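Enquirer: Below is one structure. I have some questions about it.
The values are calculated or read from the model by the stated rules, or taken from the named source; none is laboratory data. These numbers were taken from a predicted model, which means no experiment stands behind them. Note that we place each Cβ from the backbone using ideal geometry, even for glycine, and neighbour counts take in every protein chain shown. All accessible areas refer to the heavy atoms of the entire protein, side chains included, with ligands and DNA or RNA removed. Shrake-Rupley method; radii C 1.70, N 1.55, O 1.52, S 1.80 Å.
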Amino acid sequence: MSFRKLGIAVVLSSAFAFIACGDDSSSNSGETITCKIASKDPLVLDMDENGIHSTTTVELKENRLVEIVKFDSNDHIPDSVFNEIFKQACDTYKQDPDYNDTTLSCSEKTITAISRMEWTESEFKSIENSFKKKCYQYTDKSSSSSDS
């Protein structure tokens, strides 16, 4: 049972990483990624990568992990690029076996994902800490990339 939940945690972290990575074509030069914790209760992560902005809310509701990812972009990002990034992020969630058509929605630049599996408070705190750690790692990598 806990192995399955650990696997889901890895998938969620992968989705978080994918959302942060965005379009691979820009990953070679001048990439800037920032991640800030905008709120701790509920956990809200405010991310920006080269003009693609997302706000991710992670919380436990009725023993279900709920993620809401809202995207927006600056005017300098073409709609076609922005739409493709959003589609890829949604597809990443669709590949997760913990979501299905009734627990995942992708519309209006927002992904809402509700786990089918129930989580305990301590399991949720562990996932929440993983998201915080990832956020700090992206910010650290971004700020130290000029040191390389």
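Enquirer: Looking for whichever is under 20 Å from LYS133 (Cβ atoms) and modelled with pLDDT under 75 here; the options are GLY7, GLY30. Which one fits?
Expert: Checking each option against the conditions leaves just GLY7.
Enquirer: Condition first: open to solvent by 20 Å² or more (accessible area, probe 1.4 Å), out of contact with any Pro (no Cβ under 9 Å at 6 or more places or on another chain) and either part of a strand (DSSP E or B) or within 15 Å of ARG64 (Cβ to Cβ) (or both). Now tell me which residues in the stretch 104-121 satisfy that.
Expert: LEU104, SER105, CYS106, SER107, THR110, THR112, ILE114, MET117, GLU118, THR120, GLU121
Enquirer: Conditions first: (1) charged (D, E, K, R); (2) open to solvent by 70 Å² or more (accessible area, probe 1.4 Å); (3) without any contact (Cβ under 8 Å) to a residue 40 or more places away in the chain. ASP46 passes all but one, so which condition is the exception?
Expert: (2)
Enquirer: Moving on. Exactly one condition in (1) part of a helix (DSSP H, G or I); (2) at pLDDT below 90; (3) open to solvent by less than 30 Å² (accessible area, probe 1.4 Å) is not met by ASP96; state its number.
Expert: All conditions pass for ASP96, except number (1).
Enquirer: Got at least one residue in the stretch 84-93 being surrounded by fewer than 16 Cβ atoms within 10 Å (Cβ to Cβ), touching a strand residue (DSSP E or B) at 6+ places or on another chain (Cβ under 9 Å) and not in a strand (DSSP E or B)?
Expert: yes
Enquirer: What pairs can you find where one residue is in the stretch 81-95 and closer than 17 Å to THR56 by Cβ and of a type in the set (S, T, N, Q), the other is surrounded by 16 or more Cβ atoms within 10 Å (Cβ to Cβ) and at pLDDT 90 or above, and their Cβ atoms are less than 6 Å apart, with a gap of 6+ or different chains?
Expert: none
Enquirer: Could you list all residues from the stretch 49-64 that are of a type in the set (D, E, K, R), surrounded by fewer than 20 Cβ atoms within 10 Å (Cβ to Cβ) and assigned to a strand (DSSP E or B)?
Expert: Across the stretch 49-64, the qualifying residues are GLU59, LYS61, ARG64.
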